[in-house]
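Taken together, the values in this text are just the output of simple stated rules run on the coordinates, not laboratory data. Here the structure is a predicted model, which means the values were calculated and not measured. Glycine also receives a Cβ, built like all others from the backbone with ideal geometry; neighbour counts cover every protein chain displayed.
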Amino acid sequence: MKSGKLILLAFLGIFILLLISKIISPETVSSKEIKDSSSYVKLSGKIVSEKSYDDFKIISLKDNYGTIQVSCFSCPKLINKSVIIEGKIEEYKNKRQLTAEKIIENAP
């Protein structure tokens with residue numbers, strides 16, 4: 001009987017964590033406001049360039065304040081499209097870049 005309650009409690013905890021992860025959205029920032037590496041953010045702008053490699057792309061996202069490089073895996077062709085990108089800020093060769101986890105096309 002105790003193991004059944006523990007399993008139920010574990011599933012309830014997992015469900016609550018999934019619910020919280022869907023409700024809490026990342027902070028929306030501009031390219032000039034990015035300060036910390038490893039933070040999870042949301043950026044919007046226009047894709048101004050794309051470079052394709054074997055299994056990923058490096059795209060340049062331009063907003064009103066500047067341009068940031070975004071790495072994405074299995075993303076569609078996005079050149080000249082307005083997008084919202086959620087992801088993690090990381091440092092590569094002493095420059096900050098965004099590793100995309102979610103891309104919304106045709107953003108306002």
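The table below lists the values:
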quantity: Equivalent ellipsoid, the chain (semi-axes from 5 times Cα gyration tensor eigenvalues, Å); calculated: 34, 15, 14
quantity: Sum of -39500 (n - 2.57) over DSSP H runs of 4+, divided by residues of the chain (222 nm, nearest 500); calculated: -7000 deg cm²/dmol
quantity: Crossing angle, helix 2-23 versus the chain [Cα axis fit, 0-90 degrees, rounded to tens]; calculated: 20 degrees
quantity: Taking 88, 2, 35 and counting other C-beta atoms within 10 Å, the order from fewest to most; calculated: 2, 35, 88
quantity: Packing-based order for 67-79, 3-15, using average beta carbon neighbours within 10 Å, highest first; calculated: 67-79, 3-15
